[in-house]
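The values are calculated or read from the model by the stated rules, or taken from the named source; none is laboratory data. Because the structure is predicted, anything quoted here is derived from the model rather than measured. A quick note on method: Cβ atoms are made from the backbone with ideal geometry, for glycine too, and the neighbour counts reach across all protein chains shown. Side chains are part of the model used for accessible areas, which takes the heavy atoms of the whole protein and leaves out ligands, DNA and RNA. Shrake-Rupley method; radii C 1.70, N 1.55, O 1.52, S 1.80 Å.
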Amino acid sequence: MNNAAENLEHVVERYRQYLVLLADRQLNSRLRGKLDASDVVQQTLLEAHQNHEQFRGAHEAEMVAWLRKILANNMLDAIRGLRREKRDVDREQSIEAAIEQSSVRMEGWLAVEQSRPSQQLARQEETLQLADTMAGLPEAQREALILKNGHGWTVTEIAQHMGRSSTAVAGLLKRGLKQLRQQLIESE
Amino acid sequence: MVDRTPSADEEEDTLNQVLVEYFDARDSGRGPTRDEMLAMHPELIGDPDLVGQIDEFLNDQQLFDRFSDALEMTNIVAERDTASCQDNATPDPSRLPVADRGRRAGNLKPGTLFGDYELVEEIARGGMGVVYKHGRSNLIGSSPSR
C-alpha cells in the first residue's frame, strides 16, 4: 500500500459513524430491519479504498463529498436489491410502498450529491464527535435515540416497535442522553 | 415507622412518566420548560432529588440538540416517514413523483413548513428537484428556559 492510499484510509475512517448516521436517516424506517446502513457504509469505505486513485481532490471537504456520492449510489443499489428480493419472496404491500418511496428518495439524494459543490461539513468536529459517541452507546439506547431524533418517531411508536413500555423508552432516552453528555463533555 | 419514602424504582417510574409527557409535548410543537413541567406536577417539587434529575435531563437534552443540530444541517433530504404519518394529508415534496417535485416545490419561501420541517433556504436546483436546507420546526423554542 502506498502512502496516499494509507493516508486516505486513515482520513476516510474518521467519517464512518457519520456516514452510518447519515445513511440511516435517509432510509425509510420500515426498511431499517431489512437493510443495515452500517453494511452499506462498510462497502462504501471499501470501494473508496479500492478506487482511491479515482479521487482527484485535494481537500478533505472534497473527499467527504466523494464518499457521500459513493454512499448514495450504494444505498440506491441496496434498495433496488430489496425490491428484486421482495418480488420473489412476498408482496407485503407496505414494504413494497416503502421500497418504492425509498428508492425515489435515494435518487433525489444522489442527484443532490452529484450536483452539490463540495463544502465543509457544518460544524464538522461536533458532527463527527456526536456520530462516534452515538456508535458507542448500548444498542437499545442508540436505537431509541435514532428513532426519536433521526426518524421523528413518538415515544409510543418506539415503545410498540421495541416491545417496551413508554416509560421504559423514556428511561432509555434519558440514560442515552446522559451518557452522550458525559462523553461529549469529557472529550471537549 | 409510618413514614414511607418511595423506592428507587418508583422514583424512576415517576420521572420517566414525566419525560414521556415532555417528549410528547415536544412532538406536538414545543417541549415544556422546567417550570412548566413542575407546574404540571406540583407533587414533584417536594422531592429535590427528582427535580435535580429533571434539571439534569433538560441539560442533557439541550446539549444533544446543540450537537445534533449540526447533523440536521447536513441531512438535507430528510423526511419524516413513520408508519403513523402514512395517511397524513400534509403534502410532502419528497413523496411526490420526482418529476413533480421540482415543479411544485420550486418556489417555496423560507419558513414554509413541511410536517416537522421548516425550509430555511434553497441549496441546490437540478433536473430532479430543488433542495432546501431545513430545520426541525419542533425544536424551535424547546430549550429549557434556564
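Could you check the range B:1-27 and list, in sequence order, the residues that are modelled with pLDDT under 90 and not charged (D, E, K, R)?
B:MET1, B:VAL2, B:THR5, B:PRO6, B:SER7, B:ALA8
Restricting attention to the range A:43-57, which residues are under 17 Å from the mean Cα position of the chain (by Cα) and closer than 15 Å to A:LEU8 by Cα? Spell out how you get there, then give the answer.
Pass one, the range A:43-57, residues under 17 Å from the mean Cα position of the chain (by Cα): A:43-48.
Result: A:THR44, A:LEU45, A:LEU46, A:GLU47, A:ALA48.
Within the group A:GLU113, A:GLU53, which residue is more than 11 Å from chain B (Cβ to nearest Cβ) and either open to solvent by 20 Å² or more (accessible area, probe 1.4 Å) or within 22 Å of B:LEU71 (Cβ to Cβ) (or both)?
Matching residue, one of A:GLU113, A:GLU53: A:GLU53.
Would you confirm whether or not the range A:157-179 contains a residue that is at positive phi, free of Cβ contacts under 8 Å to residues at least 24 places away in the same chain and open to solvent by less than 20 Å² (accessible area, probe 1.4 Å)?
Among the residues of the range A:157-179, not one is at positive phi, free of Cβ contacts under 8 Å to residues at least 24 places away in the same chain and open to solvent by less than 20 Å² (accessible area, probe 1.4 Å), which makes the answer no.
When the range A:146-177 is examined, which residues are found to be more than 15 Å from B:VAL20 (Cβ to Cβ) and either of a type in the set (Val, Ile, Thr) or under 18 Å from the mean Cα position of the chain (by Cα) (or both)?
Those that are more than 15 Å from B:VAL20 (Cβ to Cβ) and either of a type in the set (Val, Ile, Thr) or under 18 Å from the mean Cα position of the chain (by Cα) (or both): A:ILE146, A:ASN149, A:GLY150, A:HIS151, A:GLY152.
Looking at the range A:50-57, can you tell me whether even one residue there is at pLDDT below 80 and hydrophobic (A, V, I, L, M, F, W, C)?
no
Is it the case that A:VAL40 is closer than 20 Å to A:ALA111 by Cβ and either under 16 Å from the mean Cα position of the chain (by Cα) or outside any helix (DSSP H, G or I) (or both)? Spell out how you get there, then give the answer.
On the way: closer than 20 Å to A:ALA111 by Cβ: yes; either under 16 Å from the mean Cα position of the chain (by Cα) or outside any helix (DSSP H, G or I) (or both): yes.
So A:VAL40 fits the description; yes.
Kindly indicate whether A:GLN114 is under 15 Å from the mean Cα position of the chain (by Cα) and assigned to a helix (DSSP H, G or I).
No, not satisfied.
Just give me the residues in the range B:28-54 being at pLDDT below 90, in contact with a Ser or Thr (Cβ under 8 Å, 6 or more places away or on another chain) and open to solvent by less than 60 Å² (accessible area, probe 1.4 Å), in sequence order.
B:GLY31, B:LEU44 - these are the residues of the range B:28-54 that are at pLDDT below 90, in contact with a Ser or Thr (Cβ under 8 Å, 6 or more places away or on another chain) and open to solvent by less than 60 Å² (accessible area, probe 1.4 Å).
Report yes if some residue within the range A:127-137 is among the hydroxyl-bearing types (Ser, Thr, Tyr), more than 17 Å from B:GLU12 (Cβ to Cβ) and crowded, with 23+ Cβ neighbours inside 10 Å; otherwise report no.
yes
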